[in-house]
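Read the structure below first, then the notes.
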Amino acid sequence: MFAIRHGDRVAWCRSQVGVHIPSKSDHFRGSYERVYGRVNFGVKFENGENVWDWFSDAWYLRKYPKREVGYVVFANGKNDHGIGWPQTVEFLKALQETKRPHLFVWQMRGHGS
């Protein structure tokens, strides 16, 4: 998240099985909810942006398509039920749609592979 939002300070990052869209990561969503409230609460930052949108790397990339981002290297297993495969695919598509530098590695195994 930091490399995506601060490409002027971070040249690249490695996100090994990262949570790129917390609201779509069943296992890790609770960690964010304990701090920012449930998704359906609609909590907003002072600037009016929804906190759950802000923590979505896919949302950020699409909202700010011209901002520089660091090179993102990430990997996920298609059978990772902790992180969640759908959020990974959505993040990958956002990187591709906005033409951001990245390397994505995937396999059919789960979280611990």
Could you list, in sequence order, the residues of segment 41-98 that are surrounded by fewer than 17 Cβ atoms within 10 Å (Cβ to Cβ) and of a type in the set (S, T, N, Q)?
ASN47, ASN79, GLN96
Look through HIS20, HIS27, HIS6, HIS102 and report the one residue that is modelled with pLDDT under 90 and either at negative phi or crowded, with 17+ Cβ neighbours inside 10 Å (or both).
HIS27
Could you tell me whether segment 78-91 includes any residue that is touching a helix residue (DSSP H, G or I) at 6+ places or on another chain (Cβ under 8 Å), charged (D, E, K, R), at pLDDT 90 or above and within 21 Å of ALA3 (Cα to Cα)?
yes
Are there any pairs with C-beta distances below 6 angstrom linking a residue in segment 31-49 that is free of Cβ contacts under 8 Å to residues at least 40 places away in the same chain to a residue that is of a type outside the set (A, V, I, L, M), with the two at least 6 apart or on different chains, and if so which?
TYR32/PRO22; VAL39/SER23; VAL39/TRP52; VAL43/TYR36; VAL43/GLY37; LYS44/ASN50
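The values are calculated or read from the model by the stated rules, or taken from the named source; none is laboratory data. Computed from a prediction, not measured in an experiment: that's the story for all the values here. Because the Cβ atoms are built from the backbone with ideal geometry, glycine has one as well, and the counts that use them run over all protein chains shown.
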